[in-house]
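Notes follow once the structure below has been shown.
The values are calculated or read from the model by the stated rules, or taken from the named source; none is laboratory data. Just so you know, these numbers come straight off a predicted model, no measurement behind them. Positions of Cβ are backbone-derived with ideal geometry, glycine not excepted, and every protein chain shown enters the neighbour counts.
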Amino acid sequence: MSLQAQSLPYVRAISPYLPGKPITELAREMGIPVEKIVKLASNENPLGMSPKARVAVEAAISGIERYPDQFDLIKAVADRSGVAQNQVVLGNGSNDVLDLIARVFLAPGRSAIFAQHAFAVYPLATLSTGAELIATPAKNYGHDLAAMLAAIRPDTRIIWIANPNNPTGNFLPYPEVCAFLEAVPKDVVVVLDEAYNEYIPPAERVDTGEWIKDFPNLVVTRTFSKIFGLAGLRVGYALASQAIADLMNRVRQPFNVNNLAIAAAVAALDDHQFVADSYELNRRGMEQIVAGLKRLGLEHIPSHGNFVTFKAGDGAAVNQKLLKQGVIVRPIGGYGLPEWLRVTIGKEPENARFLEALEKAF
Ligand SMILES: *Cc1c(COP(=O)(O)O)cnc(C)c1O
């Protein structure tokens, strides 16, 4: 038997994740200088990292010979989220904690539910355990909570929900999420992925960490990759009941978050000015891009994130025309949306470059 045939069939069946094209790769392919390229493809923070986080990283370089101590970051997250320290699980990016949850609850013979057009890491985390993935049809490109509830089977162990969702930007108002949690059986884990939480307008935002007292089957995940600008350092976290956090920590690699990431994340959490500036830049940039899309007569899905998805017609062809002009956005054919493209909100001149290139592409 071939070596490949000896591998787990459910691993062979996984479609690989397609990341946004790196700037350096487009530069190599098209011979465009790096500084002429605009990348609006991976929902990264256009302001870079918090200056306070930068100082903290530089200071943490001395000490790099030591294994990391997660205490400071766990304490900072717990204090801010209103949960106990033993309810915080750190991850090498929040994708890592999604994987930990899957490994605790999923295996062949069990199932997890996610919504059509929802984040690609849920299928990855689910299918890599050998569990079955149940996809419920989208409603207006977002989660249909009633359909997800109806899809629960006796073997279902996890329901994945991204709020706001990536790549569509859909937002479920929190009263609807709360009603859903009331209805889900208590022995099914609901993962509420809030990677874009800090981009939600304050009037619509809820501190879902507080809900864990009432819903011990709720796991909330957040990240430092988006508004905090630390995507390259890889750090995120889960808030969970003590029982679930304890199980996740048993399968977690002991040193999964590195010294520099811990130091940066602690400082970033405390840099309220940077977060406020990033929020405001995003709010204005969203207005600019949505107005531009409307001018071009292009449909978009209203978004609560730092990105917006619009209907390009032939998404792959329009994407190629943008790439030739040095503009990288995200094709989302892999999400079942081949006619659409997702663009991350950048700085004002980057957004303008994107809109100009888009106009030329048509
Ligand atoms: C970007 C994103 C994440 C964050 O991934 P990290 O591993 O923390 O970088 C998680 N969930 C969703 C829905 C995302 O879009």
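In summary, strands (runs of 3 or more DSSP E) completely within region 104-204 and bearing 2 or more residues that are farther than 30 Å from VAL329 by Cα and either among the hydrophobic types (A, V, I, L, M, F, W, C) or within 15 Å of the ligand (Cβ to nearest atom) (or both) occur at 189-193.
Here ARG353 clears all of (1) in contact with a Lys or Arg (Cβ under 9 Å, 6 or more places away or on another chain); (2) not assigned by TED's automatic domain parsing to the domain that holds THR223; (3) not in a loop (DSSP other than H, G, I, E, B) except the condition numbered (1). Pairing residues of region 273-297 that are closer than 12 Å to TYR199 by Cβ with residues that are modelled with pLDDT of 95 or more and part of a helix (DSSP H, G or I), at Cβ distances under 7 Å and at least 6 apart in sequence or on separate chains, gives VAL275/GLU198; TYR279/GLU198; TYR279/TYR199; ASN282/TYR199; GLY285/GLU348; GLY285/ASN351.
Among residues of region 190-216 being buried (at least 21 other Cβ atoms within 10 Å of the Cβ) and touching a Pro at 6+ places or on another chain (Cβ under 9 Å), the one that is farthest from ILE158 (Cα to Cα) is TYR199.
Yes or no: region 191-213 includes at least one residue that is of a type outside the set (D, E, K, R), under 28 Å from PRO9 (Cβ atoms), in the same structural domain as LEU98 (by TED's automatic domain parsing) and at pLDDT 95 or above. Among the residues of region 191-213, at least one is of a type outside the set (D, E, K, R), under 28 Å from PRO9 (Cβ atoms), in the same structural domain as LEU98 (by TED's automatic domain parsing) and at pLDDT 95 or above, which makes the answer yes. The residue that is nearest to the chain's Cα centre (by Cα), counting only those in region 49-71 that are exposed (fewer than 13 other Cβ atoms within 10 Å of the Cβ) and touching a residue at least 60 places away in the same chain (Cβ under 8 Å), is ASP69. Quick one: would you say SER225 is buried (at least 16 other Cβ atoms within 10 Å of the Cβ), more than 16 Å from ASN197 (Cβ to Cβ), hydroxyl-bearing (Ser, Thr, Tyr) and assigned by TED's automatic domain parsing to the domain that holds TYR196? Judged against the criteria, SER225 is not a match. Here VAL308 fulfils each of the conditions (1) part of a helix (DSSP H, G or I); (2) crowded, with 19+ Cβ neighbours inside 10 Å apart from (1). Candidates are the residues of region 123-148 that are farther than 20 Å from TYR174 by Cα and out of contact with any helix residue (DSSP H, G or I) (no Cβ under 7 Å at 6 or more places or on another chain); the one that is surrounded by the most Cβ atoms within 10 Å (Cβ to Cβ) is ALA131. Of note, ASP277 satisfies the criterion of being of a type outside the set (A, V, I, L, M, F, W, C), farther than 23 Å from LYS21 by Cβ, outside the structural domain of SER62 (by TED's automatic domain parsing) and at pLDDT 95 or above.
In region 21-48, of all residues being among the β-branched types (Val, Ile, Thr) and part of a loop (DSSP other than H, G, I, E, B), the one that is nearest to the chain's Cα centre (by Cα) corresponds to ILE37.
In the set (1) surrounded by fewer than 24 Cβ atoms within 10 Å (Cβ to Cβ); (2) within 16 Å of the ligand (Cβ to nearest atom); (3) in the same structural domain as THR221 (by TED's automatic domain parsing), the condition left unmet by GLU44 is number (3).
Restricting PHE255, PHE310 to residues that are among the aromatic types (Phe, Trp, Tyr) and closer than 30 Å to ALA102 by Cβ narrows the list to PHE255.
A Cβ distance below 6 Å, combined with a sequence gap of six or more or placement on separate chains, defines the contacts here; from region 92-119, residues that are free of Cβ contacts under 8 Å to residues at least 40 places away in the same chain and within 18 Å of SER241 (Cβ to Cβ) reach no residue that is assigned to a loop (DSSP other than H, G, I, E, B) and within 12 Å of the ligand (Cβ to nearest atom).
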